[in-house]
Amino acid sequence: KLHQLACRIWSKVQNCFQKPSIGSFISLLRDVAFSLNPFCVQVFYFMVVSFMGYLALIVSKPKNASARTEKLDLFFTSVSATTVSSMSTVEMEVFSNFQLIIITLLMLFGGEVFTSLLGLQFQRSKFTKRHSTHRKCVVDYPDTKTLDLVHQIDSTKKPQNHDLEHGAIDTISSSDKNIKYDSLKCLSYVVLAYLSIVHLFGSALLSLYLSIVPRARQVLESKGLQPLTFSVFTTVSTFTNCGFVPTNENMVVFLKDSGLLLLLIPQILLGNSLYPLCLRFFIWVLKKIRNQVEYGYILEKYEDLGYDHLMSGTNTAFLGVTVMGFIVAQLVVFCSVEWNSEVMEGLNWYEKLAASLFQVANSRHAGESVFDLSILAPSILVLFAFMMYLPPYTSFSPIKDDEKIPRAAEDGIVEKPKLMEHLLFSPLSYLAIFVILIGVTEREKMVEDPLNFNVLNIVIEVVSAYGNVGFSTGYSCKRRLKLDGECKDAWTGFAGRWSNKGKLILILVMFFGRLKKFTMK
């Protein structure tokens, strides 16, 4: 098989050189992509998008012509946006309006919903139907219950005509393949509609809020930010759970804009932890409205479609309960510890509650922050580190699914473990290795500046990068043991003060975290 694949790809390469055209090049890329496993495809995708974003940021001009940004910091920003990590080494207000648009596209292209949509398109391209004629999504196929009954025909009742038996089987198989293909097509349209509706409504609501509330609009005017750019940028960042905000202070500058914070919380959940629940509900509503068999097939045969974000109704219900339980538990702990602390000064009870709810809702994966994390209690930081480590679809379910026995085991065949299975560690082991490596690269600063470069701050930065969250304790010149007149505070993440080696390690952590679903087991 490998030899045949290599011959086919080599033939495509020769064809590209002999008759160069866009069609032949696309055909070559498609054959190469189909020959790779999903992990390699996603690694290639994220690396290419990050590199293209890096080139675009270099070519475009910053807001202030005198501002000088290191090339490594631009690449770090591009990777951070593509992996939806929002780890920052430069201040956001350095970027021009055009550069903010570039970062918006990087966040959109790197978001989980968008990449899953590309995965659906990839599956459709690989799916080959045996019949040249296929119908559109409105075709009237037999319902899934009928198909199940046909498949469960008693094997002892053989038809008298052997040819009729094979004809019936071929007809059933053909119908299955057709409905599966059209269900994939419908699911692609549903995900695209879901993605578009949330972004359009989210951007419109933020623009409306900025036009109604003068205080929020004045903040943007003082920083030279366009309201439309801010609305679209923040909506994309919130929905993809990236965490970037065009302001240096992130959402701290909108601490008293409780309405804005409450508008963003649903977008956080719609784009990540509650996406399977909302998607299944969206499909259920479409099924009730249009009554098409494809929607029923998607809801009942979701495992056959291979879309990771589709779950059973029971599992999505448990997921929703778990997500809301985590938020409520964090809110209770956060308010009990920080209600009368320094971070809450000048806020009334409603503003405290809204800001606290926004902060704990972001702790799982979004990473937008309305408080200065460096002055929060260590117990809260440890709680956030635990929440950042958890996968987005963590669910406490009292019902255990029946374990499926591999077909090889049923046949008595024992598969030999692959080499990579022996080389894989648990995620905690990898995080420990990354923390140790960064401790080695930053060992001099840990000795000279122990209050800033302490182990807890490094662990939070690494776990935040692994979880693609973006929380950071930052850096404060006031905490230095040796006061230096040249030290200036900046609104960047803690990684902004690391060495180039430390930043490169954190880039690797962000890539590893974005692809952690392949090593989750």
Answer from 437, 428 - the residue that is modelled with pLDDT of 90 or more and part of a helix (DSSP H, G or I): 437
For region 231-255, give me each residue that is part of a loop (DSSP other than H, G, I, E, B) and either on the phi > 0 side of the Ramachandran plot or open to solvent by 50 Å² or more (accessible area, probe 1.4 Å) (or both). 241, 243, 250
Taking region 476-489, which residues are in contact (Cβ under 8 Å) with a residue 12 or more places away in the chain, under 16 Å from residue 445 (Cβ atoms) and open to solvent by 30 Å² or more (accessible area, probe 1.4 Å)? 479, 480, 481, 482
Among the helices (runs of 4 or more DSSP H) confined wholly to region 325-421, which include 1 or more residues that are modelled with pLDDT of 90 or more and β-branched (Val, Ile, Thr)? 349-362, 378-389
Single match in 335, 278 (criterion: without any contact (Cβ under 8 Å) to a residue 60 or more places away in the chain and open to solvent by 20 Å² or more (accessible area, probe 1.4 Å)): 335
Kindly evaluate residue 228 against the criterion of being of a type in the set (A, V, I, L, M), open to solvent by less than 20 Å² (accessible area, probe 1.4 Å) and at pLDDT below 95. no
Looking at region 299-327 only, could you name the residues that are closer than 23 Å to residue 387 by Cα, open to solvent by 60 Å² or more (accessible area, probe 1.4 Å) and not β-branched (Val, Ile, Thr)? 308, 324
Looking at residue 77, is it under 22 Å from residue 500 (Cα atoms) and at pLDDT 80 or above? yes
Of everything in region 94-107 that's touching a residue at least 60 places away in the same chain (Cβ under 8 Å) and open to solvent by 40 Å² or more (accessible area, probe 1.4 Å), which residue is farthest from residue 514 (Cα to Cα)? 97
Within region 108-118, considering residues that are more than 16 Å from residue 56 (Cα to Cα) and aliphatic (A, V, I, L, M), the one surrounded by the most Cβ atoms within 10 Å (Cβ to Cβ): 113
Given the condition of a type outside the set (D, E, K, R), open to solvent by 50 Å² or more (accessible area, probe 1.4 Å) and in contact (Cβ under 8 Å) with a residue 60 or more places away in the chain, answer yes or no: does some residue in region 361-380 qualify? yes
Among residues belonging to region 347-360 that are free of Cβ contacts under 8 Å to residues at least 60 places away in the same chain and over 24 Å from residue 83 (Cα atoms), point out the one that is least open to solvent (accessible area, probe 1.4 Å). 356
What residue, among those in region 464-518 that are in a helix (DSSP H, G or I) and touching a Leu at 6+ places or on another chain (Cβ under 7 Å), is farthest from residue 452 (Cα to Cα)? 466
With respect to the numbered conditions (1) part of a loop (DSSP other than H, G, I, E, B); (2) out of contact with any helix residue (DSSP H, G or I) (no Cβ under 9 Å at 6 or more places or on another chain), which one is the sole condition not fulfilled by residue 318? (1)
Tally up the residues in region 283-298 that are open to solvent by less than 50 Å² (accessible area, probe 1.4 Å) and within 18 Å of residue 317 (Cα to Cα), please. 3
Kindly indicate whether any position in region 105-115 is assigned to a helix (DSSP H, G or I) and either at pLDDT below 80 or acidic (Asp, Glu) (or both). yes
I'd like the residue in region 426-474 that is in contact (Cβ under 8 Å) with a residue 24 or more places away in the chain, of a type outside the set (Ser, Thr, Tyr) and over 28 Å from residue 241 (Cα atoms) and, out of all such residues, is most open to solvent (accessible area, probe 1.4 Å). 448
Would you please name the residue that is most open to solvent (accessible area, probe 1.4 Å), looking only at residues in region 205-218 that are assigned to a helix (DSSP H, G or I) and touching a residue at least 12 places away in the same chain (Cβ under 8 Å)? 215
Can you tell me how many residues in region 49-87 are open to solvent by 60 Å² or more (accessible area, probe 1.4 Å) and under 25 Å from residue 241 (Cβ atoms)? 2
With respect to residue 12, determine if the residue is outside any helix (DSSP H, G or I), open to solvent by 40 Å² or more (accessible area, probe 1.4 Å), modelled with pLDDT under 90 and on the phi < 0 side of the Ramachandran plot. no
Residue 286: of a type outside the set (S, T, N, Q) and assigned to a helix (DSSP H, G or I), yes or no? yes
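The values are calculated or read from the model by the stated rules, or taken from the named source; none is laboratory data. Just so you know, these numbers come straight off a predicted model, no measurement behind them. Every residue, glycine as well, gets a Cβ built from its backbone with ideal geometry; the counts of neighbours run over all protein chains shown. With ligands, DNA and RNA removed, areas are computed over all heavy atoms of the protein, side chains included. Shrake-Rupley method; radii C 1.70, N 1.55, O 1.52, S 1.80 Å.
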